[in-house]
Amino acid sequence: MLGVKGLCKSKALTLTTNPTKFNTMDFKETDEQGNVLFVKDNTVKLKLSQRTLTLGVIHLKDGVYSFYKQEKEEDKHYKTNSWSIPYGLLMKLDGTLNIKTNRGIYRIDVDHAKKYGRFLHFKQSGFEKKIYIPIPFWSFELH
């Protein structure tokens with residue numbers, strides 16, 4: 001259990017083998033508030049009530065799906081020192097997660113992200129279930 005002043009609990013993921021391949025036509029998740037996480041033209045987007053955010057892009061290379069996104073170093077989850085990714089998206093990927101910041105590129109294989117990632121459950125949940133993967137499990141390359 002991660003100690004974040006009683007606001008969240010950690011739960012290990014079960015590693016899934018043979019993930020379902022991406023079909024951008026049918027990847028769409030909607031939460032209780034009507035927000036929609038979807039993929040269009042390999043771009044991952046989150047449609048909120050007033051605006052649509054671009055979260056990152058999916059690349060297909062040699063039959064493997066990887067996720068790339070731009071972040072700021074200060075946007076890491078501070079209490080757990082981790083990067084996060086929507087659970088539904090992670091379960092569809094089978095390549096790598098790649099996060100580019102002003103310092104460099106963080107990279108982790110999806111299988112490792114599934115193994116070492118944790119759910120955090122907050123009293124007031126946001127959109128989707130997210131998986132938080134601690135920074136020590138990521139490789140890092142300076143720019």
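Quick note: the coordinates plus some simple rules give every number you see, no bench work behind them. Note that this is a predicted model, so its numbers are computed, not measured. Here Cβ is always computed from backbone atoms with ideal geometry, including for glycine, and neighbour counts include all displayed protein chains.
A few comments on the model shown:
- Anchor K72: aspartates and glutamates whose Cα lies under 16 Å away (excluding residues fewer than 8 positions away in-chain): E141
- Gyration tensor (alpha-carbon) shape descriptor, region 56-142, a/c threshold 1.5: oblate
- The residues neighbouring T96, those whose beta-carbon lies less than 13 Å from its own, together hold a net charge of 0 under the Lys/Arg +1, Asp/Glu -1 convention.
- Annotation: aspartates and glutamates with alpha-carbon distance below 19 angstrom to K92 (same-chain offsets under eight excluded): D26, E29, D31, D41, D62, D109, D111, E128.
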